[in-house]
Amino acid sequence: MTFRSIKSLLVKTFSVFSLLLATQAFAGENHTPAPAGAGVEATATTEAHGAKKEGDFNVTETILEHIKDDHSWHLWGHTSIHLPVILKTSKGFEVFSSEKLVDEHHEPAIYKGNFDYKLIEGKTKIVDANGNVDVEASKQLWDFSITKNVASLFVSVFILLVVLLSAAAAYKKTGVKSAPKGLQSFMEPIILFVRDEVAIPNIGAKKAGKYMPFLLTIFFLILINNFLGLIPFFPGGANVSGNIAFTMTLAVFVFIVVNVSANKSYWEHIFWMPGMHWSMKLFLAPIELIGVFTKPISLMIRLFANITAGHILVLSLICLIFIFKTVFASAIAVPFAVFIGMIELLVAFLQAFIFTMLAAMYIGMATEEHHHDAHGEAAHH
Amino acid sequence: MLLEINPLVLPDIGLVFWNTVAFLLLLVVLGKFAWKPILKAINDREQGIEDALAKADKMKAELATMQSENEALLAKAREERATLIKEAKETADKMVAEAKEKAKAQYDSIVADAQVAINQQKNAALTDVKNQVGALVIEVAEKVLHKELSNKAAQETYINELAEGVKLN
């Protein structure tokens, strides 16, 4: 019986990959008993939570907790940073520490500000006196909190600014004639890679320079957040590039840049494909128009899914130890987790490259000069 | 309930907002203070390398031209030297030949002169000898004839006849 339950749990754990679009209700079903004090996070949480969580170890919940955003940033043991909550309601802005949204057992508590706030499944909601969600008032609630992801994003911005500005300063100091040194020589190949392998082949040498700052910024922002996400402890540990809001924002920027820089012939090829019969043109227009939106959407989902899947995979392997309820499982779980970690390093670079590459390709397609060569175009679309 | 969206794929407005702020900040700050100087420096360096290579190629070509010019010059110099040597040799030969000819002519003339002088001296000597012999003969003959010829005049006439008759050569 125990073996069966372990087996079914394994299946459920690995099915988490396909759970990206699954329902919360389904996730809630994955309850399985586990011994007290089990789980990476669980060790910390169960002790702190005391009676309530004791005896419970929910793999899905543990994994999702690591992947989701949070109002506090766990440092070590029982220490964590309580990040500020910034709310915009019908009564204006309100700022308070997220510490006030949890009680001494780390359970959601009601904070009485302009309204009564409570965390419901990780999201701040307005509740009434009985603790029930006030749906109408919550619709007016905008949560601009500095969450773990936002804080991690700021850390990555800070690192990028320090690293790249000092690299730029090195160019000013040593001049053009001398060979790059130190940090400068580490950044230059990456910048050259983006220029020579991403921008120029897709956009063309003439126009590439104009889009280089945009592509480089996107590339480095994704890269640093992918890497920070792989570090399991502070200042990493957040899952910024595996968050749909992050990838969506970048995809929207790509969408704006592509469509703003698009030339006349690009729009012509979307709405009235040249060299086709008029009926075909009518047929192609809606398809091409959908393509305008699916391109950035694919960017958004690709990065989100890849990074999230990697995190889930590593966490699942670590969770195997707690599923098997024996420390010997780590003999398999840890090497595998290290192996997947190595692959994740590659994926971190690869996904940053692919995002930038496709962004450059979309820009290239939008700015390409067409020479009324209908056959050549067919290959592009 | 199954159609309810997983919160993982529901973007939080907070992160969207802060990410927009962060990205725009990065784009502006890095664009102005990092990407622009770095890309410019890289371009400048590449341009510099390209220029240097082009210059090196040009120098090489120039060097090759100069070398071929040098060789041509050298060949010309060699030719000139050969001509000069040839001419000098010819002149020397000519001078030697002339000197030889002149020497020969001088020798010839000296020999001729000497012969003439010898002949003259020989003739003079012969004449002298002839005269002395004549005188001796006369003396002898006088002495002889003195005994035989009492008439001195007749005797001299006779001796002169005899002397004329003697062919010296």
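Read the figures in this text as sums done on the coordinates, not as results from a lab. Quick caveat, the model's predicted, so the values are computed rather than measured. Here the Cβ is made from the backbone with ideal geometry for all residues, glycine too, and neighbour counts use every protein chain on show.
Most tightly packed first, judged by the mean number of other beta-carbon atoms within 10 Å of their residues, the peptides B:61-70, A:133-142 read A:133-142, B:61-70. Phi-derived couplings, Karplus 6.51 cos²θ - 1.76 cosθ + 1.60 at θ = phi - 60°, listed residue by residue for the stretch A:269-274: 6, 8, 8, 8, 3, x Hz, with x used for Gly and Pro. Derived scalar couplings between HN and Hα for the stretch B:83-99 equal 4, 4, 4, 4, 4, 4, 4, 4, 4, 4, 4, 4, 4, 4, 4, 4, 4 Hz in order, rounded to whole Hz, by the Karplus curve 6.51 cos²θ - 1.76 cosθ + 1.60 (θ = phi - 60°), x for Gly and Pro.
Taking the Cα centre of each part, how many Å lie between the stretch B:73-106 and the stretch A:72-93? The stretch B:73-106 and the stretch A:72-93 have Cα centres separated by 112 Å. Taking every residue in B:25-33 and counting other chain Cβ atoms within 10 Å of its Cβ, the average works out to 6.
For a straight C-alpha distance cut-off of 30 angstrom, the lysines reachable from A:Lys139 (same-chain residues fewer than eight places away being disregarded) are A:Lys68, A:Lys88, A:Lys91, A:Lys100, A:Lys112, A:Lys118, A:Lys123, A:Lys125, A:Lys148.
Taken residue by residue and averaged, Cβ atoms of other chains lying within 10 Å of the Cβ of A:136-148 number 2. Between B:Leu24 and A:Ile231, the C-beta separation translates, for a Förster distance of 35 Å, into a calculated FRET efficiency of about 0.85. Peptide packing: for A:350-363, A:68-81, the average count of neighbouring Cβ atoms within 10 Å per residue gives the ranking A:350-363, A:68-81, highest mean first. Derived scalar couplings between HN and Hα for the stretch B:68-76 equal 5, 4, 4, 4, 4, 4, 5, 4, 4 Hz in order, rounded to whole Hz, by the Karplus curve 6.51 cos²θ - 1.76 cosθ + 1.60 (θ = phi - 60°), x for Gly and Pro.
Close amide-amide hydrogen proximity is noted between A:Val85 and A:Phe96, A:Ser97, A:Ser98, each under 5 Å apart and 5 or more residues distant or on a separate chain (H modeled in the peptide plane; Pro and chain starts excluded).
Per residue of A:248-254, other chain Cβ atoms within 10 Å of the residue Cβ number 4 on average. Helical content of the protein assembly as shown, expressed as a calculated mean residue ellipticity at 222 nm, amounts to -23500 deg cm²/dmol (DSSP H runs of 4 or more residues, -39,500 (n - 2.57) each, divided by residue number, nearest 500). With each label modelled as a point 7 angstrom along the Cα→C-beta vector, the A:Glu99-B:Glu69 pair spans 8.6 nm. For the stretch A:149-380, relative contact order (Cα pairs under 8 Å, six or more residues apart, normalised by length) works out to 27 percent.
Each Cα pair under 8 Å and six or more residues apart adds its sequence gap; the mean of these over the residue count of the stretch A:125-239 is a relative contact order of 24 percent. Gyration tensor analysis over the Cα atoms of the protein assembly as shown returns equivalent ellipsoid semi-axes of 125, 30, 22 Å (largest first, whole Å). Note that the stretch A:149-380 shows a convex hull volume over its alpha carbon atoms of 158 Å³ per residue. Charge dipole (Cα centre; +1 on Lys/Arg Cβ, -1 on Asp/Glu Cβ; no other charges) of the protein assembly as shown amounts to roughly 320 debye.
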